[in-house]
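Here is the structure we will look at.
The values are calculated or read from the model by the stated rules, or taken from the named source; none is laboratory data. Keep in mind the model is a prediction, meaning the values are calculated, not measured. Cβ atoms come from the backbone with ideal geometry, glycine included; neighbour counts cover every protein chain shown. Keep in mind that these areas ignore ligands, DNA and RNA; they rest on the heavy atoms of the full protein, side chains included. Shrake-Rupley method; radii C 1.70, N 1.55, O 1.52, S 1.80 Å.
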Amino acid sequence: MSDIAVLHHVSKSYQASQHSPIQEVLNGVELRISPGETLAITGPSGCGKSTLLNILGTLDRPDSGSVTLFGQDALALDEQGLSRMRADRIGFIFQFHHLLPHLTALENVLVPTLAGSVKVERLAATERARKLLDRVGLGAHLDKKPAQLSGGEQQRVAVVRALIRQPGLLLADEPTGALDAASGKALMDLLLELNTEHGTALVMITHDPKLAALMHRPLRVEDGRLV
Ligand SMILES: Nc1ncnc2c1ncn2[C@@H]1O[C@H](COP(=O)(O)OP(=O)(O)OP(=O)(O)O)[C@@H](O)[C@H]1O
Ligand SMILES: [Mg+2]
């Protein structure tokens, strides 16, 4: 099968204001992700992990280098093309779940099915959402709003939401960061099980070496490169 993502010589610098020094964050990152692969990205705070993940997810652009996603040159896509790529092919999970507070668990999961190029059939999507929520142990909580769920439950809803469109690539920025150790490990086990079941490639940022060791490839950002 062809690659999910290829980054070639990706570099990114920031200059906070006109007079502040230029900060080189990424400097020649090389990365190739195969279907179904799981990668951990570790490294100290501020080393560029989120910057790298955002570039992979087309939420940010590198200053130079190339980003190929699902065989397409992501840097050549316009805003509409990028939105479609994100909606159809990429799932995101963040440290804080970003669930919509006025929607139930089930409704939150269905939000991504309302956008994108292929309108997912309503009944089929709802059926799939119910099944997945049941699969992650939330079958009895479908109609609860986020505030009525525990932190770990909220994060599981966010995982299901990220998977509802069956993305080829799932990007997770410290998904267990706000959870206690036991909930974090449970979420991690769930992500890996779903990855195996669905063949979704997973890239996860984590500060926890134990969680990183569970992935096929534990990588570290060091001096702007991946090692
Ligand atoms: N929009 C921006 N403007 C200026 N500097 C930025 C911007 N975004 C990120 N940076 C800087 O780039 C560096 C890398 O940031 P990034 O968020 O990628 O780090 P990180 O490895 O994810 O850190 P953490 O583990 O704390 O989340 C940091 O020093 C940050 O201050
Ligand atoms: Mg970060």
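Against the main long axis of the alpha-carbon atoms of the chain, helix 79-89 sits at an angle near 50°.
Rounded to the nearest angstrom and listed largest first, the equivalent-ellipsoid semi-axes of the stretch 1-71 from its Cα gyration tensor are 25, 13, 9. List the lysines whose Cα lies under 23 Å from the Cα of Lys144, skipping any in the same chain that are fewer than 8 positions away. Within the straight-line cut-off, Lys144 pairs with Lys131. Find how many whole Å separate the alpha carbon centroid of the stretch 34-58 from the alpha carbon centroid of the stretch 210-227. First find each Cα centre; the distance between them is then 9 Å. For the stretch 1-119, relative contact order (Cα pairs under 8 Å, six or more residues apart, normalised by length) works out to 26 percent.
Let me know the shape class of the chain, please: from the alpha-carbon gyration tensor, a ≥ b ≥ c as square roots of the eigenvalues, rounded when a/c is under 1.5, otherwise prolate if a/b is greater than b/c, or oblate. Prolate.
Of Arg61, Arg89, Arg128, the order by accessible heavy-atom surface (1.4 Å probe, DNA, RNA and ligands excluded), from most exposed downward, is Arg61, Arg89, Arg128. Note on the chain: helix-only mean residue ellipticity at 222 nm, from DSSP H runs of 4+ residues weighted -39500 (n - 2.57) and normalised by residue number, equals -9500 deg cm²/dmol.
A straight Cα-to-Cα reach below 29 Å connects Lys49 with the lysines Lys12, Lys185, Lys210, residues fewer than 8 places away in its own chain not being considered. Other residues within the sphere of radius under 14 Å centred on the Cβ of Thr58, judged by their own Cβ, net out at 0 (K and R +1, D and E -1). If you add up the charges near Ala182, with Lys and Arg at +1 and Asp and Glu at -1, over every other residue whose beta carbon is less than 14 angstrom from its beta carbon, what do you get? Summing Lys and Arg as +1 and Asp and Glu as -1 gives -1. Rolling a 1.4 Å probe over the protein chains gives Val221 an accessible area of about 10 Å².
Ordering of 42-48, 74-80 by packing is 42-48, 74-80, highest average first (other Cβ atoms within 10 Å, averaged per residue).
Going by alpha carbons, how many degrees (0 to 90, nearest 10) lie between the helix axis of 151-163 and the longest principal axis of the chain? Rounded to the nearest ten degrees, it is 80.
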